[in-house]
Amino acid sequence: MPDIKILTEAELRALVSLDADAVDCIEQGFTTLAGGNVVMPPIMSLPVREHNGEVCVKTAYVPGIDSFAVKMSPGFFDNPKLGLPSTSGLLVLFSSTTGMLEALLLDNGYLTDVRTAAAGAVSARHLAREDATSVCIIGAGVQAKLQLKALTLVREVKSAVIWARDAAKAEATAAELRQDLGLEVTASTDAASAVSSADIVVTTTPSDTPLVMAEWLQPGQLIIAMGSDQEHKIELHPECLSKATLYVPDSQSQCAIKGELRSAIEASLISGEQKFAELGDITAGKAVGRQEDHDIIIADLTGTGVQDTAIATLARQRAEAAGSGATFTS
């Protein structure tokens, strides 16, 4: 059996940051997905409703990449009451040639956080107005913070507002982001005004009821909805998709089951037969993104296995170059 590389969260944090390289890595993953040769099976989901939890398993084989990742990602959303993070998990890397186990990335969800935030940046890079400077973040958790940081990598963000159902947490998150990013970041208790005032709106919650109403959306906005990744979740009222000039899923087949598209189809606002250009089609230049400054665009991000293989491969390559991690000989 070949040697197996084992990397801890601390080692992975030292190797992979939320930076321009991470954004480019995830963008290339989307572009490759649009090429049509990626093998990406449906997400396997395990609900644990008794404890407000879920586990997602995602994977993708990408031709030309030496390895493929299988990611196990638990989300238990009552954990903060126990002093524990809501998300955790790990990635397992296998050889694309032999199927042999190559590495265990014990990231506790860190790489998922990075690739998810990077996907938001990819969306903004291709779909936000060039002059977008103001941001509204719905949610106040780890991903809320990372999404704002990611947006600063692709747009000249000058101000941001945080809204969350827990007002105290929104205030704390705003204060932390002011210090970390040096931006004007405030908390709001009025979701409608927070959404309406922003050029880019990012939703980052596990909500099962709509948080953003269609009448709040304004011409020129980009809405990045990335919290809905299960059949019971929803952050945008279904009418938001009807109001949008352009709807862009990361994977239409996934979004029709787990994303914001699902609720719009169920409400008969969008036909389940309608075809949309995916984010990878736009990054690959196969489809057009924003055409007019006044377009309202919704990016529906459910998270794809190709993102996990891309970020895990980047981490493994950097670990090999740096000599990081422990080697286990079976």
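The values are calculated or read from the model by the stated rules, or taken from the named source; none is laboratory data. Because the structure is predicted, anything quoted here is derived from the model rather than measured. Ideal geometry is used to build each Cβ from the backbone, glycine not excepted, and the neighbour counts take in all protein chains shown.
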Checklist entry - From the list PHE68, PHE30, which residue is touching a strand residue (DSSP E or B) at 6+ places or on another chain (Cβ under 6 Å) and either under 19 Å from ARG316 (Cα atoms) or not hydroxyl-bearing (Ser, Thr, Tyr) (or both)? => result PHE68
Checklist entry - In segment 158-206, what residues are touching a Ser or Thr at 6+ places or on another chain (Cβ under 6 Å) and not acidic (Asp, Glu)? => result LYS158, SER159, VAL161, ILE162, TRP163, ALA167, ALA174, ALA194, ALA198
Item to check | Verdict on LEU91 being at pLDDT 95 or above, crowded, with 19+ Cβ neighbours inside 10 Å and either in the same structural domain as GLU320 (by TED's automatic domain parsing) or among the basic types (Lys, Arg) (or both) | outcome: yes
Checklist entry - Taking segment 160-195 only, how many residues are surrounded by fewer than 19 Cβ atoms within 10 Å (Cβ to Cβ), touching a Leu at 6+ places or on another chain (Cβ under 8 Å) and either within 11 Å of CYS136 (Cβ to Cβ) or of a type in the set (Gly, Ala, Ser) (or both)? => result 1
Next on the checklist: Looking at ALA164, ALA150, ALA174, ALA140 in this structure, which one is touching a residue at least 12 places away in the same chain (Cβ under 8 Å), on the phi < 0 side of the Ramachandran plot and within 14 Å of the chain's Cα centre (by Cα)?
Outcome noted: ALA150
Next on the checklist: Can you tell me which residue is farthest from the chain's Cα centre (by Cα) among those in segment 16-50 that are in a strand (DSSP E or B) and free of Cβ contacts under 8 Å to residues at least 40 places away in the same chain?
Outcome noted: VAL48
Checklist entry - Of all residues in segment 239-273 being of a type in the set (Ser, Thr, Tyr) and outside any loop (DSSP other than H, G, I, E, B), which is farthest from ILE43 (Cα to Cα)? => result SER242
Checklist entry - Do you know which residues across segment 312-330 are without any contact (Cβ under 8 Å) to a residue 24 or more places away in the chain and either farther than 16 Å from SER67 by Cβ or not assigned by TED's automatic domain parsing to the domain that holds VAL62 (or both)? => result GLY323
Checklist entry - For segment 190-245, what are the residues that are over 14 Å from ILE296 (Cβ atoms) and of a type in the set (Lys, Arg)? => result LYS233
